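A.B. asks: Structure below; questions to follow.
Read-outs: derived from the displayed coordinates by stated rules, not from any lab. Bear in mind that the values here come from a model prediction, so they are computed numbers and not experimental data. Cβ atoms come from the backbone with ideal geometry, glycine included; neighbour counts cover every protein chain shown.
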Amino acid sequence: MAQKPEKPEDICPRPDVVPPQLTQPASPPIYTAAVYRCESPDQAARLLAGEQAGYVYSRDGHPNADMLAEKCRRLHGADRAAVCASGMSALALAVLARLREHDHLVVSSQLYGRSLELLTSEVGRLGITSTMADTCDLDATRAALRPETRLVVVETITNPLLRVSDLASLAELCHAREAALLVDNTFASPAVCRPLELGADLVLESLTKIMSGHSDVLLGLLCGREECWDRIPLVLSAWGLTSSPFDCWVAARGLGTMALRVAKASANALLVANFLAGRAEVEWVSYPGLRQHPDHELALRQFGGTFGSMVTFTLGGGRAAAEAFIAAAERIGFFPSLGDLSTTLSHPASTSHRSLSALDRRRQGIGEGTLRLSVGIESSEAIVSAIEEGLAALA
Ligand SMILES: *Cc1c(COP(=O)(O)O)cnc(C)c1O
């Protein structure tokens, strides 16, 4: 006789038993489970204490975050790596794990806008003080250090002027004063620069951008040396900075093509930078791969011949020219982010740098006519002709 059918309402509440995996799937599963079954109170206690390996609660860790973190750890040659909900949560993780009241921070005055907010006004509310410095100037950075400075935060390539930080010299400077160097490598990606090799202690990436590469997830990475890691797992879970399994799965897939995407986009960017440098409508162009760039020699040494996909340029005609260019260069989307497959552009004065006064913007070299391109992987002909359409509107 056939088995007695189960009641419909008894089927769903019961957790499924996962069939044993006898063969390896080509693509990893997405582990959406929020919680994992424990065999006994003793085992639960051992798992939660970290005495036995295994997942219990996904805020503490889950397989998709660990698989992605492991790939990133190897890319950066790090001892440890953690994936969290966004680039900003990776920065919060570093701050909350490494700093306490009365500590002091030195931060690059050219950091990503939200990073600057977090590292000045937000940490100020916790009794942590900070000093902004031009970290492309080693003497200015040295002068900003104090005995209580615990952390120096810089970006490998700054936004939007694309200045390059001398990471080996900065690391030396920090270590002589017992401060750690945290490098936000988002504009470079590990395909262009690996700051830990140059002496940095911690590296941050907004995985949202180039590493994931399709503008369809929000994720961050923190990786670094073992000595910096003791409080990281606790802070990640206690402050709830955990990533979503689905996002980690999507990002791991994007990471598979990062090397190809960065190589193609960087080659396109060099071509675009050279094209713009030869145009009368363009006042100046910043790209670390151009010989006339102030940090070109350093970039050559530090990046070894690939200079990334970001190109910034200023049109002579100010805001009106920027607006006319954006409207006419129809095939280049105005997206205030970066690192997508296709070429996109942003207008720093109205987006990333809108909170600065016009004077501060001018001091940094950002005008109303400044545009920032995130060069994509289309054919270089398509990109150049789209730019030509934009420039034609300025005639
Ligand atoms: C986008 C970005 C961040 C923040 O990352 P999110 O993933 O958006 O939180 C930090 N630093 C830089 C340089 C960025 O471009």
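A.B. asks: For every helix of n ≥ 4 consecutive DSSP H residues, a contribution of -39,500 (n - 2.57) applies; sum these over the chain, divide by its total residues, and give [θ] at 222 nm rounded to the nearest 500 deg cm²/dmol. Don't jump to the answer; show the numbers that get you there.
C.D. replies: On the way: 14 runs with 138 residues, N = 395.
Calculated from helices alone, the mean residue ellipticity at 222 nm is -10000 deg cm²/dmol.
A.B. asks: Please state the relative contact order of the stretch 114-167 as a whole percent: Cα pairs under 8 Å, 6+ residues apart?
C.D. replies: Relative contact order here is 23 percent.
A.B. asks: Quick one: Cα centre-to-centre distance for the stretch 10-26 and the stretch 42-65, in angstrom?
C.D. replies: With the stretch 10-26 and the stretch 42-65 each reduced to a Cα centre, they are spaced 19 Å.
A.B. asks: Let me check against my output: what whole-number percent is the relative contact order of the stretch 122-252, with C-alpha pairs under 8 Å and at least 6 apart?
C.D. replies: In percent, rounded to a whole number, it is 16.
A.B. asks: Within 10 Å, count the other beta carbons around each residue, average over each peptide in 49-57, 363-371, and list them highest first. Let's see the in-between values first.
C.D. replies: Numbers: 49-57: 11.9, 363-371: 20.4.
Result, highest mean first: 363-371, 49-57.
A.B. asks: Oh, and also: Using a Gaussian network model on the chain with a 10 Å cutoff between Cα atoms, which of 379, 212, 27 fluctuates the most?
C.D. replies: It is 27.
A.B. asks: Using all alpha carbons of the stretch 16-155, what is the percent of pairwise distances in each 10 Å bin, ordered from the shortest bin to the longest?
C.D. replies: Calculated P(r), rounded to whole percents: 10, 28, 27, 19, 12, 4, 0.
A.B. asks: If packing is taken as the average number of other Cβ atoms within 10 Å across a peptide's residues, how do 190-202, 291-303, 257-269 rank, most packed first?
C.D. replies: The peptides rank, most packed first, as 190-202, 257-269, 291-303.
A.B. asks: Could you give the length gained by full extension between residue 114 and residue 259, i.e. 0.36 nm per residue of separation minus their alpha carbon distance, to one decimal place?
C.D. replies: Between residue 114 and residue 259, full extension yields 49.4 nm more.
A.B. asks: Let me know the whole percent of all Cα-Cα pairs from the chain that are separated by more than 41 Å.
C.D. replies: Roughly 20 percent, once rounded to a whole number.
A.B. asks: Can you grab the distance from the C-alpha centre of the stretch 324-352 to the C-alpha centre of the stretch 152-228, Å, no decimals?
C.D. replies: 24
A.B. asks: Hey, can you rank 89-98, 61-70 by average C-beta count inside 10 Å, highest first?
C.D. replies: On the way: 89-98: 23.0, 61-70: 20.9.
Output ranking for 89-98, 61-70: 89-98, 61-70.
A.B. asks: What Kirkwood Rh does the stretch 341-395 have if only Cα atoms enter the pairwise 1/r average? Answer in Å.
C.D. replies: 12.7
A.B. asks: Related question: Pairs of alpha-carbon atoms within less than 8 angstrom and 6+ residues apart define the contacts here; what relative contact order does the chain have, in percent?
C.D. replies: 15
A.B. asks: Give me the net charge of residue 269's neighbourhood, meaning all other residues with Cβ under 14 Å from the Cβ of residue 269; Lys, Arg count +1, Asp, Glu -1.
C.D. replies: Values: positive: 261, 264, 372; negative: 340, 378.
Here the charged neighbours net out to +1.
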